[in-house]
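Beneath this line is the structure, given in structure tokens, with notes to follow.
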Amino acid sequence: MPGAESPVPRCAESALHASFGVETALAEVAERLGRVTVQVRAGGRSAGAGVVWLRSGIVITNAHVAAGPRAEVVLPDGRALTAVVAARDPRRDLALLSVTAEDLEPALRVDARGLRAGELVVALGHPLGVAYAAALGMVHRAPTGARGPAGWLHADIRLAPGNSGGPLADVAGRVVGINAMIVGGLGIAVPTHLVEAFVREFEAATRGGARAA
Amino acid sequence: MPASSSGGPLAALSDDLAAAVDTVGRSVVAIHARRRIPASGVVWQPGVIVAAHHTIQRDDDINVTLHDGTTTTATLAGRDPSTDLAVLRLVSGAAAPAAAAADGAPRVGQLVLALGRPGTTVTASLGIVSAVGGEWRTWQGGTIDRFIRLDLDVYDGFSGGPLVDAGGRVVGINTSGLARATALTVPASTVGRVAGQLLERGHVARGWLGLATQPVRLPPPLQRGLGTEADGGLVIVNVEPDSPADRGGVLIGDILLALDDVSVRDPGDVLAALGGDRIGKAITLHVARGGRAERVSVTVGERPRAGR
């Protein structure tokens, strides 16, 4: 950006004044996330959320949302499917659900370690039972190398039970994390690179198992 | 590489906000002067840091973590509990001062960011200015040039951090120490004024009479007897020994009606009349004593500082 002649304040103002593009763009992000976000029901508890990760029928949610061997996944189009909880990692609070369905649209993703504090983020989920509710917030602190939730992605965003397992995305609609918990009012999300590692581990174990069989 | 060129207005806004955090974040420091998590501070001038008084729980052994992760020591130049501000001098290490926003009221609805550094990394929260008002007085008698209320969630360790506009300029210093259950912003103009006094003198001087008062209603016969329209005043419930009021001859039981012809109805009215510029000057107390109006002249002293 040519900082000398086009100071940041003018950019910020023109972004708001030039058009009504901001809210339209937010709606587009929410819509895009809506196509890859599912409801996850396990046991008698209220629904959590999940993200379609791979076209092959892999859905990611929190380990605390999918506590048993099976869960029900409701797709955005209303189809209810029975999912097998194929892998769980309570330490990363991740669970991998396997469903049999065609035409699944996987989420776009980007590495959350490239985020900067101050970037806008959008969450989609089912807070307190309200299906497909969106929230706008800001990267409070990008992921650090620290172990556990303290090192995950921290967002200044209003979340509630029912957001668990759902996507946190950047303004391009790319998933940067899986919303997992609320600590001191902050939304804490498992950053995408940990999710990708979790999925890779599952795939490696599955391939290994297939060879051994 | 900003996303604004390709990502549309939302991406441009997000990028501007992140750029504002990056720019001002270089001037936001972590201050280690209490147990548990550190608080935040802002480099106000080269080598000078402004922080929230209530987060500086010791006068010595204060460490500061700069934006580049280095930790250095700082000395306390002074503190003003009445505005919840403190000023530190860096012993070593360099950090660029933040740019203050131009004087003038922030607008209701304006996007703002609260930055902090409760550790090694900078943190950011997004909100808007929810209300703006005129000059107000804190419960400890400090004068704040402008009332700025935020619709913004703040988190542990943010006190002493800056409120930043979308252009990366500091609107003021945020603190949870001035109001119960809500965060307020001390505007940059107040911060500059208080910081200047703290650097010069180590404290903010305030006028002092040595009185304790309580509001009281004046019964109509007393009003008529005094020839006053006012239906209330402040009854003097204590006069500190050897204070300016004591030396001037103020008595317990006097009813204070006006200071220099400005009527007083609330103890805050007395504080308002006792700015630092009044020290050493005479002030006239209009009192009702034994049913008659009297005038007492008192030379304003300087408020003794706590713990000294």
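The table below lists the values:
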item	result
Counted residues, region B:148-183 - those being of a type outside the set (A, V, I, L, M) and part of a strand (DSSP E or B)	7
Flag if B:Gly233 is under 20 Å from B:Val204 (Cβ atoms), open to solvent by less than 70 Å² (accessible area, probe 1.4 Å) and not charged (D, E, K, R)	no
The listed residue being surrounded by 17 or more Cβ atoms within 10 Å (Cβ to Cβ) and away from chain B (no Cβ under 14 Å), out of A:Val74, A:Val22	A:Val74
Scope region B:138-154; condition open to solvent by 20 Å² or more (accessible area, probe 1.4 Å) and closer than 19 Å to B:Leu17 by Cα; matching residues	B:Asp151, B:Leu152, B:Asp153, B:Val154
Per-region count, region B:117-147, residues facing another protein chain (nearest Cβ under 9 Å) and in contact with a Leu (Cβ under 8 Å, 6 or more places away or on another chain)	6
Residues of region B:36-52 satisfying the condition of being among the hydrophobic types (A, V, I, L, M, F, W, C) and more than 18 Å from the chain's Cα centre (by Cα)	B:Ile37
Selection status of B:Arg58, open to solvent by 50 Å² or more (accessible area, probe 1.4 Å), over 30 Å from A:Val171 (Cα atoms) and within 14 Å of another protein chain (Cβ to nearest Cβ)	no
Criterion violated by A:Gly185 - all others in (1) at pLDDT below 95; (2) away from chain B (no Cβ under 12 Å) satisfied	(2)
Unique residue being within 14 Å of another protein chain (Cβ to nearest Cβ), under 21 Å from A:Leu26 (Cα atoms) and among the aliphatic types (A, V, I, L, M) when the list is B:Ala30, B:Ala18	B:Ala18
Within region B:53-77, tally of residues that are within 15 Å of B:Gly157 (Cβ to Cβ), among the β-branched types (Val, Ile, Thr) and assigned to a loop (DSSP other than H, G, I, E, B)	1
In region A:155-176, residue farthest from A:Ala133 (Cα to Cα) [restricted to those that are without any contact (Cβ under 8 Å) to a residue 40 or more places away in the chain and under 13 Å from the mean Cα position of the chain (by Cα)]	A:Ala155
Every residue from region A:135-167 that is facing chain B (nearest Cβ under 10 Å), touching a helix residue (DSSP H, G or I) at 6+ places or on another chain (Cβ under 9 Å) and outside any loop (DSSP other than H, G, I, E, B)	A:Leu136, A:Met138, A:Val139
Conditions (1) farther than 20 Å from B:Gly25 by Cα; (2) open to solvent by less than 10 Å² (accessible area, probe 1.4 Å); (3) of a type in the set (Gly, Ala, Ser); number of the one not met by B:Gly172	(1)
Residues satisfying the stated conditions in region A:111-133, i.e. among the small types (Gly, Ala, Ser), away from chain B (no Cβ under 14 Å) and open to solvent by 10 Å² or more (accessible area, probe 1.4 Å)	A:Gly129, A:Ala131, A:Ala133
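Residue-by-condition table, conditions (1) part of a strand (DSSP E or B); (2) more than 24 Å from the chain's Cα centre (by Cα); (3) on the phi > 0 side of the Ramachandran plot:
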position	(1), (2), (3)
B:Asp246	no, yes, no
B:Ile252	no, yes, no
B:Ala258	yes, yes, no
B:Arg265	no, no, no
B:Val270	no, no, no
B:Thr284	yes, yes, no
B:Ala288	yes, yes, no
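Each row is one residue, and each column tells you yes or no for (1) open to solvent by less than 10 Å² (accessible area, probe 1.4 Å); (2) among the acidic types (Asp, Glu).
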site	(1), (2)
B:Asp103	no, yes
B:Val108	no, no
B:Pro118	no, no
B:Leu126	no, no
B:Trp136	no, no
B:Val164	yes, no
B:Leu178	no, no
B:Ala188	no, no
B:Arg193	no, no
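The values are calculated or read from the model by the stated rules, or taken from the named source; none is laboratory data. The structure presented is a predicted model; accordingly, all values stated were derived computationally and were not measured. When we count neighbours, we look across all protein chains shown, and the Cβ atoms used for this are built from the backbone with ideal geometry, even at glycine. Only protein heavy atoms, including side chains, enter the accessible area calculation; ligands, DNA and RNA are left aside. Shrake-Rupley method; radii C 1.70, N 1.55, O 1.52, S 1.80 Å.
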